[in-house]
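The values are calculated or read from the model by the stated rules, or taken from the named source; none is laboratory data. Just so it is clear, the structure is predicted and the values come from calculations on it, not from any experiment. Cβ placement follows ideal geometry from the backbone for every residue including glycine, while neighbour counts extend to all protein chains displayed. Ligands, DNA and RNA are stripped out before the accessible areas are found, and what is left, the full protein with its side chains, is counted by its heavy atoms. Shrake-Rupley method; radii C 1.70, N 1.55, O 1.52, S 1.80 Å.
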Amino acid sequence: YRLLGELCCDDLDYLKAENYYVDGLTLFENERDNSGLESDQKIGLLYADLANLDYFISGNFDAALSNYLNAIENYNDTPSIRYRVGYIQYSNENFSEALGSFIKAVNEKPSDKYLLLALGNTLTLRNSTSAAQGYYEKLIDLLDLERNRSGTLKPQANAMDGDLVELYMKTANNLGVVLSLRANQTGNSNLLPKAMANFEESI
């Protein structure tokens, strides 16, 4: 059922794919309840495939969250799934749960740029500005390395350059915000010039 569903997704027949995924999960859940059939990672993959349809195609984030959590419970726990779980929790303003999901993911992918940004944003909203600053600064360092390797950036002509510029702009702006907040919280006026420098870099 999972493989048939994935073939249908390759053909963009998402409704048929969903039916295969649901049929497969129904078969497993009935056998689990009736005979004690144990799960394995293949069941987790099936839950994740169904969740991906909810997340990417229908935009049903509640169903996606439920199915991603089922995937995790069924031995399919990956950084990408944790990121999507965190994103949904963040969108629902469950910042504490989102933070846990992002931290779990970044422990396995410590240099993932989007995870670092997500962690910084979540920590800022939880008023953990010192920790947020650390993640933003780590991300700026990674982006500086990438920018230096790339040479002259052409965001209008190259999509990858465009992504790099947009991510740098957001990170520099958010780091400026955090530095401003920390300056107000601690009374450390030395942080304000650094905040202004990041705002200028973002602009």
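Could you identify the single residue in Tyr47, Tyr20, Tyr90 that is under 14 Å from the mean Cα position of the chain (by Cα), modelled with pLDDT of 95 or more and part of a helix (DSSP H, G or I)?
Tyr90
Taking Val22 as the residue in question, decide whether it is free of Cβ contacts under 8 Å to residues at least 60 places away in the same chain, open to solvent by 40 Å² or more (accessible area, probe 1.4 Å) and β-branched (Val, Ile, Thr).
Against the criterion (free of Cβ contacts under 8 Å to residues at least 60 places away in the same chain, open to solvent by 40 Å² or more (accessible area, probe 1.4 Å) and β-branched (Val, Ile, Thr)), Val22 qualifies.
Scanning region 107-128 for residues that are part of a helix (DSSP H, G or I), open to solvent by less than 50 Å² (accessible area, probe 1.4 Å) and touching a residue at least 24 places away in the same chain (Cβ under 8 Å) turns up Leu115, Leu116, Leu117, Ala118, Gly120, Asn121, Thr122, Leu123, Thr124. Can you confirm whether Asp62 is under 23 Å from Val85 (Cα atoms) and either over 21 Å from the mean Cα position of the chain (by Cα) or surrounded by fewer than 17 Cβ atoms within 10 Å (Cβ to Cβ) (or both)? Criteria met by Asp62. Could you tell me how many of the residues in region 50-59 are open to solvent by 30 Å² or more (accessible area, probe 1.4 Å) and of a type outside the set (Gly, Ala, Ser)? Total satisfying the criteria: 4.
Which of the helices (runs of 4 or more DSSP H) found entirely inside region 129-203 contain at least 2 residues meeting this: within 18 Å of Ala118 (Cβ to Cβ) and either in contact with a Leu (Cβ under 8 Å, 6 or more places away or on another chain) or open to solvent by 80 Å² or more (accessible area, probe 1.4 Å) (or both)?
129-150, 159-186
Entry remark, region 25-38: residues being open to solvent by 30 Å² or more (accessible area, probe 1.4 Å) and either part of a loop (DSSP other than H, G, I, E, B) or of a type in the set (A, V, I, L, M) (or both) number 4 in total. Cβ-Cβ contacts under 7 Å between residues 6 or more apart (or on different chains), taken from a first residue in region 88-102 that is among the β-branched types (Val, Ile, Thr) to a second residue that is surrounded by 13 or more Cβ atoms within 10 Å (Cβ to Cβ), are listed as Ile88/Phe61; Ile88/Ala64; Ile88/Leu65.
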